[in-house]
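Beneath this line is the structure, given in structure tokens, with notes to follow.
No value in this document is a laboratory result; all are computed from the given coordinates. This structure is a prediction, so every number in the text was calculated from the model and none was measured. Glycine also receives a Cβ, built like all others from the backbone with ideal geometry; neighbour counts cover every protein chain displayed.
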Amino acid sequence: MSTCASADRDMAARPFSSGTDRPLPIPDGLASLPPGAELAEALAHVDERRVSGFDTVEVLKAAYRQSCHDRARFLAVLLEVGLREHFSGDSVRRLEVPDEFSPDEARAALVWSRRRADSTFELAWGVHRRLPQLGEAMLRGDLDEPRAAAFIRWTAGLTAQQAETVCSQLVPGADRLTVGALIEQIQRLVLAIDPEWAQKRYAEAVRRRRVVGTRNEDGTANVSGLDLPLDRAAAGCERIDDLARACKRAGDKRPIDHIRTDLFLGSLDGSFEGLRDREIVAHVLDHPFVDPNDNQVGEQNGERTERASDATADHAAESAAERAEQSAGPKPARTMHRGAATPRPGMAQRPRPPRPGNDRPRPGQGESVRPEPGQHEPAPNEPAPDGPASCEPESREPAPRNGVRSTSALPKEPVGPRSHGVNRPPTTSTGRRTVRELRVEVTTLLGLDEHPAQVPGWGIVHADLAREMVSGMLAGQWRFAICTDDGRLLYSGLTRHRPCAPSARPARDDRLGGIVELQITRSRLSEIAAAKGSLGLWSALIADLDAQTSRHLRATDTAIKIATDNRRRHAGAALRRYVQIRGRFCSWPGCRMPATRTDQDHAADWAGGGSTSEDNLHLACRHDHRAKHHGGWRVTMPESELILWDSPLGHTYPSRLPPVMFNVVDPQPRDWPAPPPEAIVDDTRPLMTSLKPDSPGSNFPPPPSPQTSRPREHTPQPNNPESHGKDNPSDEHTQACAPSPPPPGPLFRPETDTPPF
């Protein structure tokens, strides 16, 4: 403490430099010094205001490593205080496990609220006892508290061995992932380790679904749906977002969050009963809720709302192109070959209207990312039509069998009802929307494995839920991604086939759109396609994927170079889809904006001679696209799957594209008896309340809490790192709360670089 205090006094006494002085050097080896006393001493003698711009980043990284170390030390001491036996002030005696009162000594010493003391103590227990790998990584400066908290929260309920497996695989590279990306990796492993348990846990949580309302101290109110089915919640949020953006395009100048609120409340209170989407937009424009005391015009928030305003722009433009192509008659399927940015021969080449946010030129500014008036016209979640329904297999040539694995794992008969794989009946159309996009492996849909799937922007879902979601997305666009054995994209394209009878295929409906991305390795596809007669309703689709892939394996370089047309600024539908599937997200290191919500940018500006090809196109969300053109950043692509972002201060940040398919661990199911389901009884209490369940005078039972590995009778609320150094002004006996609050939430603030929902 004395070293830090003296460093603070020295810093306050230093004269501020205007930036014209000669920069001072930083200590040698600062970037590689391990955290601890030596690094703290080195940092104490660095005046960050007088080092070069490049070196400020090195000081920043060193200071952050030291802060992670210091935080781990603090949590270790906090845990030690709580584990000391009562009345052991003059001796060294410890408890084996904490009890209900373990956090109280620290609560009194640091003048913390009970909630903060409980949550921080639980974090300390998780970091240093339950998952000690986390504490060791923090002490090395390789892991910060939000990432450690992510491991603790998202491995809750796992056995000790399962949680240790997750940590051993992900802790070493966690510092290269954002918290959101890390959570997805944890989810993927957790769902793969014990798929049946994950499915049961999800189903049990959905059984507790409810809607609650809370009253805030300022007089406003919150309405929340808790433990909702993910697919319906995601579809509802996407619909509100699409309608809000439609209102913006129609001329509503208010902040988009205010428009979303009007749409949310209008959907609840019956204002939109019987109205179609266009009528809802007109109603919101005619009846806006405007705060008379708010003089802030929505124009001031234009850039913020515009950042992801083309959430479906690529999708809409692609749909228009595909409609035009398909209306001209049958054509060979459109796919992209790895290493070539061109479609098959015969693909129509026609001018395409410019898509919003994609490299519109301006005199003297190279490529611009500011849209022209009227450019933002994304259709609400509109899928590309796949042409006439066809569930019969096309003629195809035999797939190559060299190097194919054994087919012993393939089903000899259609998969049974448990896996709902091959012959699952399609969901009847109910006029309900689907999720915007689902990424799932073909083998999972066939019931050959239980690999988790992904809903971009919402995270990882277990296999049975993915199959349920796909069965309701037959009217959407079905893409396929053929990958190498290491999960890298090899080919991409569309399939018009669906696992249903032609008469059962639903008519196209904008509300039932969405994108299904089918993933499979080339070797596995050949193996499955060779097992004729055992795929049921999926036979035609598998045959189509195999036929398209085989044709492209035989295609010559000349035949697949047509789409690389440097005279065109904007990529055609096939190339754009290929870049989206390959990129997954915005290419900025750590950005989680899904591919369908991004712009496609030329690394080497098209106006300066850059080509419109897979080797020069990458994905960038609106903010990061503008950072390149207006913020001083520079982008290069030394390889088609490696994007380098060069900062204005001279640092280079590599962003290697993730694989399309991930290797998942073998299942490690727990050998535990299945507990009986929790009894759900009707709750006749008022929906709205201002009392907490555990407040004096409340008859509410405590909410169910998730299973944890910490042996304590009391389950504290999770910790929020942003609350360090400040207490909640309203303690647990005075806060307003819902009658049935949700289980403990995240121990960190969620990422802010994702879509609004």
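Some notes on this structure:
- Residue-wise HN-Hα couplings along region 101-115, as the Karplus relation 6.51 cos²θ - 1.76 cosθ + 1.60 with θ = phi - 60° gives them from phi, are 9, 4, x, 5, 4, 5, 4, 6, 5, 9, 6, 9, 6, 4, 4 Hz; Gly and Pro carry x.
- Distance from region 47-88 to region 444-464 (C-alpha centre basis), Å: 39 Å
- This ranking places I520, I256 by how few other beta-carbon atoms lie within 10 Å of each, fewest first, which gives I256, I520.
- Note on A203/Q161: beta-carbon distance plugged into 1/(1 + (r/R0)^6) with R0 of 25 Å gives a FRET efficiency of 0.55.
- By the count of neighbouring beta-carbon atoms within 10 Å, fewest first, T159, T444, T652, T636 end up ordered T652, T636, T159, T444.
- Surrounding net charge for V51, when Lys and Arg each add one and Asp and Glu each subtract one, Cβ distance under 12 Å: -2
- Inter-site label distance for R432 and V77 at 7 Å from Cα along Cβ, in nm: 5.4 nm
- Site pair H630 and T484 shows an inter-label distance of 3.9 nm when each label is modelled 7 Å from Cα along Cα→Cβ.
- Here is the list for region 186-267: GluC sites (Glu not before Pro) lying in DSSP coil, each with at most 14 other C-beta atoms within 10 angstrom of its C-beta, are E217.
- Under 12 Å, Cβ to Cβ, from V223 - net charge with Lys/Arg +1 and Asp/Glu -1: +1
- Under-5 Å amide H pairs with V51, H placed in peptide plane, nonlocal only: L24
- Gain in span if fully extended, D257 to L60, counting 0.36 nm per residue against the direct Cα distance: 67.5 nm
- Computed from the C-beta positions of S168 and R129, the FRET efficiency with R₀ = 30 Å rounds to 0.95.
- Förster radius 45 Å - calculated FRET efficiency between H45 and S224 (Cβ-Cβ, nearest 0.05): 0.35
- The residues neighbouring V92, those whose beta-carbon lies less than 13 Å from its own, together hold a net charge of 0 under the Lys/Arg +1, Asp/Glu -1 convention.
- Net dipole in debye of region 84-242 [+1 Lys, Arg Cβ; -1 Asp, Glu Cβ; about Cα centre; nearest 20]: 320 debye
- Between D286 and T652, the modelled labels are 6.0 nm apart [label points 7 Å from Cα along Cα→Cβ].
- Amide H contacts under 5 Å for R84, placed H, 5+ residues apart: L95
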